[in-house]
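Quick notes on the structure that follows.
Every number in this text was worked out from the coordinates using simple rules, so none of it is lab data. These numbers come from a predicted model, not from an experiment. With ideal geometry, Cβ positions are generated from the backbone for all residues, glycine too; neighbour counts draw on all protein chains shown.
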Amino acid sequence: MRGRTLRHSRLDSRGGRTRRTATRTLVLAVSAAMSAGLLAGCADDGGDKSSSSGDDKGKTVVRLGLFGTFGFKEAGLFSEYEKLNPDIKIEENVTQRNENYYPALVNHLTTSAGLMDIQAVEVGNIAEVVSTQGDKLEDLSKAPGVKSSDWLDWKWQQATTKDGRTIGLGTDVGPVAICYRKDLFKEAGLPTDREELAKLWAGDWNKLIDVGEDYQKNAPKGTTFMDSPGGLMSAILGSEKVRFYDESGKVIYKTNPVVKQSFMQTAKAAKDGLVGAQTQFQPDWNTTVANSKFAAIACPPWMLGTLKEHSKPEAKGKWDVAVAPKSGNWGGAFLAVPKSGKNVKEAAKLAAWLTAPEQQAKLFKVQGGFPSAPATYTMPQVLDAKNEMTGDAPIGKIFAAAAKTTPVQIVGPKDQVIGSSLNDNGLVLVTKGKSPEEAWETATKTIDNNLEK
């Protein structure tokens with residue numbers, strides 16, 4: 001979904017990346033850079049831009065700080081809102097990389113200065129914002145037209161403080177499916193029907209890996225079953241309710257058996273050559289997409305945009321989508337309104353409108369960000385959705401079913417740090433010859449050092 005460091009480029013709280021890459025079709029927005037104020041506008045990553053016509057005289061200017069491409073402007077929502085509210089002018093400040101955006105956001109929230117009227121927050125950062133900066137943000141449950149029932153329960157809960165204040169309205173989510181190449185599966189002697197495949201691995205990620213072992217026995221030359229260790233572990237951990245923190249907020253990633261089990265499952269698949277050795281969203285990985293070097297990938301809706309971007313034209317229609325072994329989430333964001341903003345009342349109205357079901361459905365149709373509003377799942381824009389990469393696959397129905405059955409996950413303040421290190425300081429080592437146990441030990445030492453800082 002804006003899978004987003006570019007909005008997707010490394011593991012985040014879902015065990016997945018901080019999605020929203022500049023290249024993907026999904027979207028997350030960002031404000032200013034670490035060296036400049038958010039209000040002044042630009043992070044020093046060469047990717048910031050501010051939209052303004054200069055024709056704002058007499059109008060209230062509402063500014064959004066975003067990271068990556070959220071798609072509001074691209075889908076025509078800003079223009080539509082301005083027509084409905086002719087006294088309002090909307091501007092966006094966009095930083096492409098969340099690692100530049102988020103530290104600046106925290107700094108400005110801490111000082112209550114230099115903030116945009118609306119600030120986006122990546123799902124991997126929402127728990128930390130809720131627990132440490134919640135008092136600096138408006139309670140948007142009181143914004144005009146906002147009803148908690150308009151959002152998935154677990155999405156609403158992620159941005160709600162212990163005292164019941166909801167400081168962020170959900171934009172997209174990243175329900176996970178399995179995207180696969182029908183031609184490569186057929187060549188390897190595997191079924192190609194999406195329902196038949198879903199039955200083969202239903203309920204157990206190990207069954208998916210078993211299918212991968214069958215694939216590798218007759219794999220087309222130079223291909224692997226799945227794309228990367230990080231992608232596989234992201235999906236597995238994204239389907240677990242309790243991962244890195246327990247309900248009391250205690251860090252338990254080393255003692256929670258599902259975390260090490262997920263790591264070892266993935267590490268073994270990497271060691272056995274079932275997954276590629278690349279890191280997702282890096283140039284080498286992009287090349288494997290272009291050259292059809294893997295047959296399957298853990299696939300939130302925003303991944304379809306990533307596949308399209310890096311694939312050659314002949315890949316269109318060769319992909320299909322099957323239900324994942326377990327429902328899980330990988331991606332998403334929120335819009336928050338700082339109390340110290342210049343136009344708090346108008347910002348809350350705009351945030352509520354942009355995240356209302358009708359607007360979320362429009363975004364999905366144009367940009368691919370899957371709605372966090374379940375009312376959209378019966379709207380034609382979602383229910384009848386198709387994608388040129390996956391042909392006639394009923395992607396709206398498949399992703400909606402996954403979104404509705406995803407567990408309410410416990411997300412902790414440093415989920416992103418833990419998830420990133422499990423991949424960057426752990427699984428990556430397995431692809432370079434280290435044993436899974438050695439990789440686990442290195443990753444946990446790195447995580448513990450980072451948590452102590």
As a footprinting exposure proxy, order VAL121, VAL129, VAL106 by other Cβ within 10 Å, with the fewest listed first. VAL106, VAL129, VAL121
I need the fraction of alpha carbon pairs in region 212-294 separated by more than 17 Å, rounded to a whole percent. 53 percent
Along the Cα-to-Cβ line of GLU438, 7 Å from the Cα, sits a label point; which residues in region 240-279 have backbone N less than 17 Å from it? 264, 267-273
Given points 7 Å out from each Cα along the Cα-Cβ axis, report the THR132 to LEU84 separation in nanometres with one decimal. 3.5 nm
Theoretical FRET efficiency, 1/(1+(r/R0)^6), r = Cβ-Cβ of LYS57 and ILE252, R0 45 Å, to 0.05: 0.20
ASP204 and THR378 label points (each 7 Å along its Cα→Cβ direction) are spaced in nm at 3.6 nm
Set the Förster radius R0 to 45 Å, insert the Cβ-Cβ distance between GLU314 and GLN261 as r into 1/(1 + (r/R0)^6), and round the FRET efficiency to 0.05. 0.70
Using only alpha carbon pairs under 8 Å that are at least six residues apart, calculate the relative contact order of the chain and give it in whole percent. 23 percent
Helix-only estimate, please: 222 nm mean residue ellipticity of the chain, summing -39500 (n - 2.57) across DSSP H runs of length 4 or more and dividing by its residues, to the nearest 500. -11000 deg cm²/dmol
How would you rank 346-356, 79-89, 241-251, highest first, on the average number of other Cβ atoms within 10 Å across their residues? 346-356, 241-251, 79-89
Rounded Å value of the spacing that divides the Cα centres of region 117-179 and region 394-441: 21 Å
What is the angle, in °, between the Cα long axis of helix 357-367 and the longest principal axis of the Cα atoms in the chain? Nearest 10 is fine, range 0 to 90. 60 degrees
Once the Cβ-Cβ distance between SER148 and LYS221 is put in as r, and R0 is 56 Å, what FRET efficiency do you end up with, to the nearest 0.05? 0.60
What GluC sites (Glu not before Pro) does region 385-453 have in DSSP loop regions with at most 12 other beta carbons within 10 Å? GLU388
Can you tell me how much longer the chain between LYS404 and GLU358 gets when fully stretched, taken as 0.36 nm per residue apart minus their C-alpha distance, in nm with one decimal? 14.8 nm
Highest mean first, what order results for 162-173, 299-310, 213-224 on Cβ atoms within 10 Å? 299-310, 162-173, 213-224
For LEU335, LEU152, what ranking results if the residue with the fewest other Cβ atoms within 10 Å of its Cβ goes first? LEU152, LEU335
Using 0.36 nm per residue of separation minus the Cα-Cα distance, give me the extension gain between LYS241 and GLU388 in nm, one decimal. 49.6 nm
Report, as a whole number in µm² per second, the diffusion coefficient that Stokes-Einstein gives for region 175-329 at 20 °C and 1.002 mPa s using the Kirkwood radius over alpha carbon pairs. 136 µm²/s
If you take the C-alpha gyration tensor of the chain, multiply each eigenvalue by 5 and take the square root, what semi-axes do you get, largest first, in whole Å? 35, 24, 19
